[in-house]
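Input: a single structure, listed below in C-alpha cells.
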Amino acid sequence: MSDETIELGGRLPLVDPETLTTTQRDLYDRMDAAMAPWADRMGFQSKTADGRYIGPFNPILFSPEIGGSFLALQHVEEEHTALSGRIRQIVILSVGSVWQAAYELYAHAAAGRAAGLSVDAVRDLSAGRTPTELNEQERIAQQFTLQLAAELHVEDELYRTAAGHFGEKGLVDMVVLAGCYHMVCSLLNAFAVPAPRAAESSSE
C-alpha cells in the first residue's frame, strides 16, 4: 500500500477486503451495491484502488452489525424524508461546519454541488456562513441545524418559524438527518480520518 492509502484510515487500519469475516463481507457487499456507486455519481472517492473503503465506511466495518443498522437508517431516512435534496445537503454541510470533519465536508461538497448548490455556497456552508443564494426556507434550515448543533437547543422563535416552513414531520426528518451526520462526524473525528489529498487541490 502507498503511504497515502495507509494515512486514509487515520487512527484505524483500512480493512483489507481479502480478510473480511462473513458479517463484514455482507456489509461490504451492501456498500458496494449502494454506497460506492452513489459516491461515484456524486464525484468523491469512497474506496482505494485495491478495494479498501475510506471515510466513515472503514470504521463501520469494524462493527458490522451496528454499522449495517446505521446504514439501513440512513437509507430509510433518505427514502422517506420530507426534505428536498438541496435542503438535505444544507443540513449535512451545516453539521459538518460545526465538527469540521474533513472527509464529511469533502464528500458533501460534491453532493451539495450535485444537488444544485454553487461552489461558493458549499464553501460558505462548510464554514458556517449563510450563502447569499439561499432562499428563506433554506436559510431557516441552516439556522435551525446550526443552533441545535452548536448550542444544543433551538430557541422558541426559531422553532416556530421553522415549523411554519417544514411542519412537524419536516422538523423530525431534519433532526434525524442531522443526527445521522453527527454520528458520521463523530466517527471521522474520533479516528482522525482525513479527506483524500486530491481533495485539497480540487476544492481551491
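Within the stretch 124-146, which residues are among the acidic types (Asp, Glu) and surrounded by fewer than 16 Cβ atoms within 10 Å (Cβ to Cβ)?
Once the filter is applied, which keeps residues that are among the acidic types (Asp, Glu) and surrounded by fewer than 16 Cβ atoms within 10 Å (Cβ to Cβ), the stretch 124-146 yields 133, 136.
For residues that are in contact with a helix residue (DSSP H, G or I) (Cβ under 7 Å, 6 or more places away or on another chain), without any contact (Cβ under 8 Å) to a residue 24 or more places away in the chain and part of a helix (DSSP H, G or I), tally how many sit in the stretch 152-165.
4
Working only within the stretch 23-57, note down all residues that are under 17 Å from residue 71 (Cβ atoms) and of a type in the set (Val, Ile, Thr).
23, 54
Taking the stretch 152-162, which residues are open to solvent by 100 Å² or more (accessible area, probe 1.4 Å) and of a type in the set (A, V, I, L, M, F, W, C)?
152
Quick grid of which residues meet (1) more than 24 Å from residue 189 (Cα to Cα); (2) surrounded by 14 or more Cβ atoms within 10 Å (Cβ to Cβ):
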{"site": "33", "(1), (2)": "yes, no"}
{"site": "45", "(1), (2)": "no, yes"}
{"site": "57", "(1), (2)": "no, yes"}
{"site": "75", "(1), (2)": "no, no"}
{"site": "78", "(1), (2)": "no, yes"}
{"site": "103", "(1), (2)": "no, yes"}
{"site": "107", "(1), (2)": "no, yes"}
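Considering 149, 121, 111, which residue is buried (at least 21 other Cβ atoms within 10 Å of the Cβ) and in contact (Cβ under 8 Å) with a residue 60 or more places away in the chain?
Exactly one residue qualifies, and that residue is 111.
Would you pick out the residues in the stretch 164-183 that are open to solvent by 30 Å² or more (accessible area, probe 1.4 Å) and farther than 14 Å from residue 98 by Cβ?
164, 165, 166, 168, 169, 172, 175, 176, listed by residue number.
Does any residue of the stretch 123-144 turn out to be part of a helix (DSSP H, G or I), out of contact with any His (no Cβ under 7 Å at 6 or more places or on another chain) and among the β-branched types (Val, Ile, Thr)?
No, the stretch 123-144 has no match at all.
Would you list the helices (runs of 4 or more DSSP H) that sit entirely within the stretch 1-99 and hold 2 or more residues that are in contact (Cβ under 8 Å) with a residue 40 or more places away in the chain and aliphatic (A, V, I, L, M)?
Result: 22-33, 35-42, 57-61, 64-80, 85-99.
The values are calculated or read from the model by the stated rules, or taken from the named source; none is laboratory data. Just so we're clear, the structure is a prediction, and the values are computed from it rather than from any experiment. Neighbour counts run over all protein chains shown; Cβ positions are idealised from the backbone, glycine included. Quick note on the areas: whole protein, heavy atoms, side chains included, nothing else; ligands and nucleic acids left out. Shrake-Rupley method; radii C 1.70, N 1.55, O 1.52, S 1.80 Å.
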